[in-house]
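The values are calculated or read from the model by the stated rules, or taken from the named source; none is laboratory data. All of these numbers come straight from a predicted model, not from anything done at the bench. Backbone-built Cβ (ideal geometry, glycine too); neighbour counts: all protein chains shown. Ligands, DNA and RNA are stripped out before the accessible areas are found, and what is left, the full protein with its side chains, is counted by its heavy atoms. Shrake-Rupley method; radii C 1.70, N 1.55, O 1.52, S 1.80 Å.
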Amino acid sequence: MANYQDVYRNSIDNPEAFWAEQANLVDWHKPFDKVLDYSRPPFTKWFVGGLTNLCHNAVDRHLATRPEQKALVYISVETGAESSYTFRELHAEVNRFAAVLRDQGVGKGDRVIIYMPMIPEAAFAMLACARLGAVHSVVFGGFASASLATRIDDARPGLMVTAGAGMRGGKSIPYKHLVDEALRLSAHPPQKVVIVNRGLDKGMSLTAGRDLDYASLRDQHMDARVDPVWLESSEPSYILYTSGTTGKPKGVQRDTGGYAVALAASMRHIYAGRPGETMFTTSDIGWVVGHSYIVYGPLINGMTTIMYEGLPIRPDPAIWWKIVEEHKVNVMFSSPTAIRVLKKQPAEYLHKHDVSCLRNLYLAGEPLDEPTARWISDALKVSIIDNYWQTETGWPILSGMPGIEEQPRKFGSPGFPVYGFNLKLLHEGTGREVGVNEKGVLVVVPPLPPGCLSTVWGDDKRFVNTYFSNFETELVYSTFDWATRDEDGYYFILGRTDDVINVAGHRLGTREIEEAISAHPNIAEVAVVGVQDGLKGQAVMAFAVVKDASRIATPEAISRMEKEVMATVDKELGAIARPAKVHLVTMLPKTRSGKLLRRSLQALAEGRDPGDLTTLDDPASLDQIRAAIAQWQETK
Ligand code: PRX
């Protein structure tokens with residue numbers, strides 16, 4: 001077995017040789033001429049001149065070696081549906097979907113928005129886009145129409161793919177209806193909408209000339225064969241929107257060849273999954289984890305992937321372990337919040353099934369606290385691997401790498417830098433590297449390794465300004481996370497440096513939520529902070545200034561107003577961003593120059609010292625906040 005230190009050093013000292021070797025893990029229609037082009041920092045091009053296709057690598061290339069192996073297993077505990085597709089069947093379905101899209105004029109470079117629940121057709125649609133060289137943008141189904149419209153207007157898709165409805169916790173989510181509303185709100189609506197009707201929404205109606213029923217189009221293309229469109233390695237494969245400091249989501253743009261290689265390498269070195277084995281990732285296709293480790297990663301690696309629709313505790317809290325046993329899952333990927341949810345359930349559910357097939361359980365998306373890690377590790381007797389990464393990177397930055405070398409793990413730490421990531425911890429003010437156990441901003445010295453974002457969709461300037469302009473001393477990519485490194489080289493992530501909050505592993509921007517709340521006609525001003533939460537990591541808390549105080553004169557009126565504000569967030573952004581608590585106040589704590597003291601607000605809400613308040617303009621504002629929090633804590 002290799003040695004982590006040697007592999008890591010080699011990846012940093014000889015990146016071109018290192019990545020040229022990894023590139024052998026995927027098929028190239030035409031070999032690349034140059035491994036790396038970094039002539040225009042910080043823009044990075046990997047495998048220049050190489051032609052490849054993600055769908056070919058995920059599907060077609062396995063037809064020769066494993067046509068009858070299951071490629072995708074679908075389990076919905078919401079509808080009771082279960083189905084599976086071999087690589088041969090997956091190939092046929094993806095060709096059908098691609099033929100349908102091609103018939104509607106979708107071709108190379110065209111954008112397609114996919115707004116879908118967890119059904120196999122969502123994966124077929126993604127792979128079909130990749131096959132055609134079209135750029136998909138999957139929007140998480142928990143986002144409301146207005147958020148969807150913002151993404152439509154930024155990506156300008158020619159076509160959208162959606163489903164009639166989805167189900168979550170037994171409740172129906174009317175996707176098609178939400179799309180209709182989004183198209184009404186958007187300035188650049190797509191010409192066509194392809195709808196997969198699951199029969200869940202009986203009242204669904206189609207708009208003639210725009211809406212197309214997928215089932216009948218598929219019938220016309222049962223034997224379709226659509227050749228993969230070969231893309232130059234740097235051509236975009238997809239856009240995935242994510243939150244940042246501003247209210248406007250950023251379209252993270254991913255390349256094709258670099259992503260294929262990065263995923264193939266990660267499947268081997270980090271996830272240690274072998275072709276023919278099974279991977280179960282419990283995320284959603286709307287998030288980066290779903291893109292990389294439900295759809296593309298396992299399939300590129302010739303593994304069976306499990307696609308799951310449902311919560312971790314229905315029909316009972318043993319459901320995931322039942323799936324692990326029945327489908328002989330070897331590699332599993334989930335989130336700390338999901339494990340904390342399971343931890344609250346009776347312990348017997350953990351021992352109902354034989355999970356000895358499971359080698360490693362990977363957890364990512366938010367800090368993994370030590371008690372949770374220890375609990376699940378002891379209960380399942382599998383090793384727990386904390387991985388740290390971001391939508392922007394597409395694959396892990398810090399992780400255990402059992403495919404390279406088994407290393408001792410420290411609970412609470414995602415471990416060591418992954419090969420390819422040249423990391424530093426910089427002092428926020430001076431830009432100098434911090435010492436052992438000292439807090440700094442985690443940065444990556446460019447060029448970024450393959451698979452990371454190549455730019456922000458349509459906005460190269462924003463890419464440079466957002467990610468590469470945080471330190472005057474050197475050109476580095478900022479992760480916007482605080483971290484420390486201990487004397488043994490283990491990293492510890494301490495939370496975001498910007499105004500991004502993380503609720504149950506879902507990344508939300510405080511500005512976005514503030515803008516949503518401001519849409520309420522009686523709210524003059526609002527501040528949103530993330531507050532520590534035992535289950536979800538963080539919870540959204542809003543402090544809102546009411547325009548007309550007579551509207552909150554009685555306790556009933558206050559409660560009504562709070563509900564209205566929450567409903568506004570549901571409508572504008574989606575229920576995932578709904579505040580756990582809305583405090584109604586008459587002013588917010590600001591400095592004399594008018595800057596909101598957000599960190600002090602957050603500290604107070606978490607019961608901590610609010611820090612330096614010498615710049616505070618009006619002390620009465622803080623008294624109100626203190627009173628509101630005290631009252632809330634009493635009623636909690
Ligand atoms: O703050 C870090 C946190 O989640 C952010 C990225 O979220 P997202 O773009 O949704 O990508 C998730 C990909 C797994 C990071 O900036 N984060 C992610 N993983 C961890 C984490 N914080 C602590 N520990 C982790 N393992």
Whole-number percent relative contact order across the range 108-196, with pairs defined as alpha carbons under 8 Å at least 6 apart: 34
Between the range 401-460 and the range 81-97, the alpha-carbon center distance in angstrom: 38
Eligible lysines near LYS248 by straight Cα distance, threshold 18 Å, same-chain separation 8 or greater: LYS461, LYS571
P(r) of the range 82-124 over all Cα-Cα pairs, binned every 10 Å from zero, in whole percent: 25, 50, 24, 1
Semi-axes of the equivalent ellipsoid for the range 9-78, Cα gyration tensor, largest first, Å: 32, 16, 13
Partner lysines for LYS424 [C-alpha distance under 17 Å; skip if fewer than 8 residues away on the same chain]: LYS439
Calculated diffusion of the range 119-189, Stokes-Einstein form, Kirkwood radius summed over Cα pairs, 4 °C and 1.567 mPa s, µm²/s: 101
Mean Cα-pair separation over length for the chain, i.e. relative contact order, pairs under 8 Å, 6 or more apart, %: 12
Hydrodynamic radius (Kirkwood) for the range 340-439, which is based on Cα pairs only, to one decimal in Å: 15.6
Accessible area (Å², 1.4 Å probe, nearest 10) - HIS351: 120
Whole-number D in µm²/s for the range 555-604 (Stokes-Einstein; Kirkwood sum over Cα pairs; 25 °C, 0.890 mPa s): 194
Residue-averaged 222 nm ellipticity for the chain, from DSSP H runs of 4+ at -39500 (n - 2.57), nearest 500: -8500 deg cm²/dmol
Tail fraction, Cα-Cα pairs, the range 583-624, threshold 11 Å, whole percent: 62
Normalised convex hull volume, the range 107-266, alpha-carbon set, Å³ per residue: 141
Volume of the Cα convex hull of the range 505-586, divided per residue and given in Å³: 83
Calculated P(r) tail over 25 Å for the range 1-120, as whole % of Cα pairs: 50
Simple label model, 7 Å out from Cα along Cβ direction - GLN191 to TYR38, nm: 4.3
For the range 367-478: accessible area per residue (Å², 1.4 Å): 37
Over 20 Å [Cα-Cα, the range 544-636], rounded percent: 43
Cα convex hull volume per residue for the range 260-373 (Å³): 101
C-alpha center-to-center spacing [the range 176-234, the range 354-394] in angstrom: 37
Cα point-scatterer Debye curve for the range 450-586, base-10 log of I(q)/I(0) at q = 0.16, 0.19, 0.20 Å⁻¹: -0.93, -1.11, -1.16
Rounded accessible area of CYS357 (nearest 10 Å², 1.4 Å probe): 40
Cα-only radius of gyration and Dmax that characterise the range 256-312, units Å: 10.9, 34
Nonlocal amide H pairs with GLU433, under 5 Å, H built at 1.01 Å: HIS427
Solvent accessible area, Å² - GLU556, 1.4 Å probe, full protein context: 120
Largest to smallest principal axis extent of the C-alpha atoms in the range 84-163, angstrom: 39, 26, 15
Radius of gyration and Dmax over the Cα atoms of the range 208-314, both given in Å: 17.2, 50
Cα-only radius of gyration and Dmax that characterise the chain, units Å: 24.3, 73
DSSP-loop trypsin sites (Lys or Arg not before Pro) across the range 436-487, with at most 11 other Cβ within 10 angstrom: none
Percent antiparallel among DSSP beta bridges (both partners in the chain, rounded to 5): 55
Coordinate range along principal axes, alpha carbons of the range 323-398, Å, largest first: 38, 25, 16
In the range 96-219, lysine pairs closer than 24 Å at Cα, eight or more apart or cross-chain: 5
DSSP-assigned coil residues among trypsin sites (Lys or Arg not before Pro) in the range 329-398, each with at most 14 further Cβ atoms within 10 Å: LYS344, LYS352, LYS381
Over the range 43-116, relative contact order from alpha-carbon pairs under 8 Å, at least 6 apart, %: 22
